[in-house]
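Peer 1: Encoded as structure tokens, here's the structure I'll be asking about.
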Amino acid sequence: MDFVTVDNLAEHREAAREWVDKHVRPGWAWEQYTSGTHHTPELHAQLADDGILGAGWPLAYGGSDTDPGYARAVLDAVSDAELYADGWATTNMVLRTIRNVGTEEQKERIIAAGLRGEILIALGYSEPDSGSDVAAAKTRAVRDGDEWVISGQKMFTSTAQSCSHVFVLARTNLDVPKHKGLTMFLVPTDAEGFELQPIYTLGGQRTNATFYSDVRVPDAMRIGAVDEGWRVMRVALVYERGGGGKGSAGPTLAERVATWAQSAQRTDGATYYDDPRNQERLARIAIDEEVARLLGMRVRWMNERGELPGVEGSMTKLFSSEADLRHYSELVDMLGPAGVLRPESGAAPLHGELEHHFRSTVVGTIYGGSSEIQREIIAEGRLGLPRNRPK
């Protein structure tokens with residue numbers, strides 16, 4: 001079989017670059033880097049106003065008539081401009097989850113508000129004592145009439161400082177196994193009793209510890225049935241772990257580094273590319289990138305067909321995050337002392353991308369469920385192996 005690269009968004013690429021040239025301010029990427037906040041409110045508002053966030057969604061839920069291909073190309077172009085859109089990424093995950101499990105009223109109200117850019121949603125799963133074992137959550141939600149009273153703490157609530165809501169997993173039943181007594185809620189960040197404290201990761205990104213002190217939430221903000229939060233969260237994790245990959249037509253990491261290496265000279269006068277070991281490194285990176293691209297394309301194809309790529313999403317997330325970690329470690333070794341120059345040094349090769357991502361890819365193996373969790377999902381769901389720990 002011949003694999004031929006076809007850019008299905010080619011007809012939209014030029015228009016998408018024009019959109020970025022018109023609307024993206026050059027300093028935004030630097031602001032995200034220095035602040036650690038991977039969200040730019042002005043950019044998000046413009047994406048919403050132009051119908052890019054609502055592209056492909058039903059009009060009944062606030063969708064727009066913007067061509068989904070053009071919208072995808074714009075988001076790719078934003079990524080090419082070194083801008084993160086983490087606030088939209090997590091919001092999009094929750095909106096898609098609500099489309100799967102929410103009530104009709106929630107679909108019409110919450111999804112529409114999200115697509116208009118009026119609400120932004122962070123994820124509140126992990127806790128200080130349980131980490132990736134999110135089913136061990138101790139945050140409690142107790143019903144009081146038409147409201148729920150939520151008390152507890154969450155960790156790694158990234159982008160919460162910019163968000164209007166947190167998608168919180170809380171325990172509602174103490175008398176059943178831990179997976180069966182959980183419920184999901186949308187908690188407003190302006191609610192009385194909600195607090196957050198910043199935490200800065202190895203990669204420089206800001207995440208947060210969030211605190212819930214008798215926060216009252218109406219039952220209308222409960223997502224899914226009572227005690228069915230584990231099932232709801234698993235739907236959300238499918239979208240988090242299998243977003244479909246980046247579809248940019250721009251140069252890959254291997255191509256960018258190869259271009260630089262062919263002209264950059266070492267102290268002995270040879271270029272970095274002249275070293276056969278470096279050529280092998282770049283070849284391995286290029287192969288891994290192609291595998292990751294194909295895994296991501298499969299997930300995107302399944303999403304477009306209305307399927308939930310559960311195991312496939314875990315396969316994509318596991319391979320891509322572990323490959324990224326290997327790649328940047330190899331490239332920092334390849335460059336030696338120059339590889340650890342930070343972006344602000346001014347003399348860093350590739351504008352300091354290698355040093356920055358060398359740190360951030362370590363955290364990337366944990367986001368969305370650690371590599372160990374992904375291996376368990378793949379082992380059980382695809383290979384049929386028994387669980388190595390009790391439910």
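The values are calculated or read from the model by the stated rules, or taken from the named source; none is laboratory data. Values in this document were obtained by computation on a predicted structure and should not be read as measured data. In this analysis, Cβ positions are derived from the backbone assuming ideal geometry, glycine residues included, and neighbour counts consider all displayed protein chains. Each accessible area value is taken on the protein alone, full model and side chains, heavy atoms only, with ligands, DNA and RNA left out. Shrake-Rupley method; radii C 1.70, N 1.55, O 1.52, S 1.80 Å.
Peer 1: Can you name the residue in region 105-152 that is in a loop (DSSP other than H, G, I, E, B) and of a type in the set (A, V, I, L, M) and is also nearest to the chain's Cα centre (by Cα) among such residues?
Peer 2: So, considering only residues that are in a loop (DSSP other than H, G, I, E, B) and of a type in the set (A, V, I, L, M), the one nearest to the chain's Cα centre (by Cα) is L120.
Peer 1: Right, another one. Take the residues of region 296-310 that are open to solvent by 30 Å² or more (accessible area, probe 1.4 Å) and in contact (Cβ under 8 Å) with a residue 40 or more places away in the chain: which is nearest to L253 (Cα to Cα)?
Peer 2: For region 296-310, the residue satisfying everything is M297.
Peer 1: Among the residues of region 122-135, what is the count of those that are in contact with a helix residue (DSSP H, G or I) (Cβ under 6 Å, 6 or more places away or on another chain) and either at pLDDT below 90 or of a type in the set (D, E, K, R) (or both)?
Peer 2: The qualifying residues number 3.
Peer 1: I would also like to ask the following. Within region 345-354, identify whether any single residue is at pLDDT 85 or above, among the charged types (D, E, K, R) and either over 17 Å from R256 (Cβ atoms) or in contact with a helix residue (DSSP H, G or I) (Cβ under 6 Å, 6 or more places away or on another chain) (or both), and answer yes or no.
Peer 2: Checked against the condition, which is being at pLDDT 85 or above, among the charged types (D, E, K, R) and either over 17 Å from R256 (Cβ atoms) or in contact with a helix residue (DSSP H, G or I) (Cβ under 6 Å, 6 or more places away or on another chain) (or both), region 345-354 yields no hits at all.
Peer 1: Next question, about the same structure. Every residue in region 364-377 that is within 13 Å of G131 (Cα to Cα), in a helix (DSSP H, G or I) and of a type in the set (V, I, T), please.
Peer 2: Within region 364-377, just I373 meets the criteria.
Peer 1: Counting only residues that are open to solvent by less than 20 Å² (accessible area, probe 1.4 Å), part of a loop (DSSP other than H, G, I, E, B) and over 27 Å from I199 (Cβ atoms), how many does region 13-51 have?
Peer 2: Looking only at that region, the number is 1.
Peer 1: When S263 is evaluated against the numbered criteria (1) open to solvent by 80 Å² or more (accessible area, probe 1.4 Å); (2) modelled with pLDDT of 85 or more; (3) part of a helix (DSSP H, G or I), which criterion, by number, is the only one it fails?
Peer 2: It is condition (3) that S263 fails.
Peer 1: Look through region 52-72, keep the residues that are more than 18 Å from E118 (Cα to Cα) and of a type outside the set (D, E), and return whichever of them is surrounded by the most Cβ atoms within 10 Å (Cβ to Cβ).
Peer 2: A71
Peer 1: Also, quick follow-up: Of all the strands (runs of 3 or more DSSP E) wholly in region 153-255, which have at least 1 residues that are in contact (Cβ under 8 Å) with a residue 12 or more places away in the chain and open to solvent by less than 20 Å² (accessible area, probe 1.4 Å)?
Peer 2: The qualifying strands (runs of 3 or more DSSP E) are 165-171, 182-188, 206-218.
Peer 1: Taking the criterion of being among the polar types (S, T, N, Q), open to solvent by 30 Å² or more (accessible area, probe 1.4 Å), modelled with pLDDT of 90 or more and part of a helix (DSSP H, G or I), would at least one residue in region 323-333 satisfy it?
Peer 2: Looking through region 323-333, at least one residue is among the polar types (S, T, N, Q), open to solvent by 30 Å² or more (accessible area, probe 1.4 Å), modelled with pLDDT of 90 or more and part of a helix (DSSP H, G or I).
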